[in-house]
Amino acid sequence: MHVGGRLVHRIGHADVGKRVSVRIRLPDGGFTDIVGVVESWANGVLAVRRRDDSVVEVAESGIAASRVVPPAPPRRRGGRPSQAP
């Protein structure tokens, strides 16, 4: 998401359906990251579905950096694996 200290915006309309990491600017001057699958991109707004199934709308103008990321690893079911005695 950054090259030589510069933030880089690397996703585009062709990345709808892919898992991405998007860094957005906050009103206080900070940043936050959103990771999920781009569901749509229209009129300068991206809809990103997070792992918890919530959808976040992101204004294209608020993106500081972005990139396509690998698919999420499968979630583990159950507790911790049993340990050998």
Distance in nm between label sites at residue 28 and residue 40, each 7 Å beyond Cα in the beta-carbon direction? 3.2 nm
Got a sec to turn the phi values of the stretch 33-49 into Karplus ³J(HN,Hα) couplings, 6.51 cos²θ - 1.76 cosθ + 1.60 with θ = phi - 60°, whole Hz, x for Gly and Pro? 10, 10, 10, x, 9, 6, 8, 7, 8, 8, 6, x, 10, 9, 10, 10, 8
Determine the shape class of the stretch 2-68: with a ≥ b ≥ c the square roots of the Cα gyration tensor eigenvalues, call it rounded for a/c under 1.5, and otherwise prolate if a/b is greater than b/c, oblate otherwise. prolate
Separation in nanometres of the label points that stand 7 Å from Cα toward Cβ, at residue 54 and residue 14: 3.2 nm
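Restricting to the stretch 2-68, compute how many DSSP beta bridges are antiparallel as a %, nearest 5.
Values: 24 of 25 bridges.
Bridges in the stretch 2-68 are about 95 percent antiparallel.
Only the coordinates and a few stated rules stand behind these numbers; no lab work does. Keep in mind that what you see is a predicted model, and the values were worked out from it rather than measured. Glycine also receives a Cβ, built like all others from the backbone with ideal geometry; neighbour counts cover every protein chain displayed.
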